[in-house]
């Protein structure tokens, strides 16, 4: 689906909007605010599925590669991403008990965490009940990606804010665990899909 974004006004996520989820808090103290990524929501809607595009320019957040804020879906909604330009890492995690809002910090246990590295044309499915963060792992290339999601799906950012990000950070030195979590499994890796599922009706389930 070809869409010209030039004349469309995006929602903009700035550095200070995601300051609570960054690894390098020392770097943040001296950092000026700037635009981190751009969200073009509701560009199309077909058969009850919304089509969005997100653009994440290359940047370093101190020692950490630029990323989205991260969220869980309210309800059992999945999501499907396609990398349009550049490369991406999708970091996904599932909570034991699958609770998000109102959960005490010392009760938060991650039962599964995995990452998918994707290139242009690759497809990644975010399963229901998995929180997710998207990382642009390039210091030179912009990441442009599309997603399909139910318009009824709402995002909950509270756990990522409370825990200073996901259970892993992707740094210039590689993956490192977020010590704010009581229990984090070893990170596993999955391969992306090479084609979009013919039927996206599973995204309507919540």
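Please treat every number below as a calculation from the coordinates, not as lab data. Owing to the predicted nature of the structure, the values given are computational and were not obtained by experimental measurement. Neighbour counts run over all protein chains shown; Cβ positions are idealised from the backbone, glycine included.
On inspection, residue 46 passes the criterion of being farther than 12 Å from residue 143 by Cβ and either free of Cβ contacts under 8 Å to residues at least 12 places away in the same chain or buried (at least 17 other Cβ atoms within 10 Å of the Cβ) (or both).
List every residue pair whose Cβ atoms sit under 8 Å apart, with the two residues 6 or more apart in sequence or on different chains, where the first one lies in region 67-85 and is at positive phi and in contact (Cβ under 8 Å) with a residue 40 or more places away in the chain and the second, anywhere, is part of a strand (DSSP E or B) and surrounded by fewer than 18 Cβ atoms within 10 Å (Cβ to Cβ). Qualifying pairs under 8 Å: 75/154.
For region 1-55, a residue qualifies if it is in a loop (DSSP other than H, G, I, E, B), touching a helix residue (DSSP H, G or I) at 6+ places or on another chain (Cβ under 6 Å) and closer than 20 Å to residue 82 by Cβ, and exactly one does: 48. Working only within region 61-80, note down all residues that are in contact with a helix residue (DSSP H, G or I) (Cβ under 9 Å, 6 or more places away or on another chain) and surrounded by fewer than 18 Cβ atoms within 10 Å (Cβ to Cβ). Residues satisfying the conditions are 62, 63. Where strands (runs of 3 or more DSSP E) sit wholly within region 90-206, those with at least 3 residues that are buried (at least 18 other Cβ atoms within 10 Å of the Cβ) occupy 110-119, 123-126, 130-135, 143-149, 168-171.
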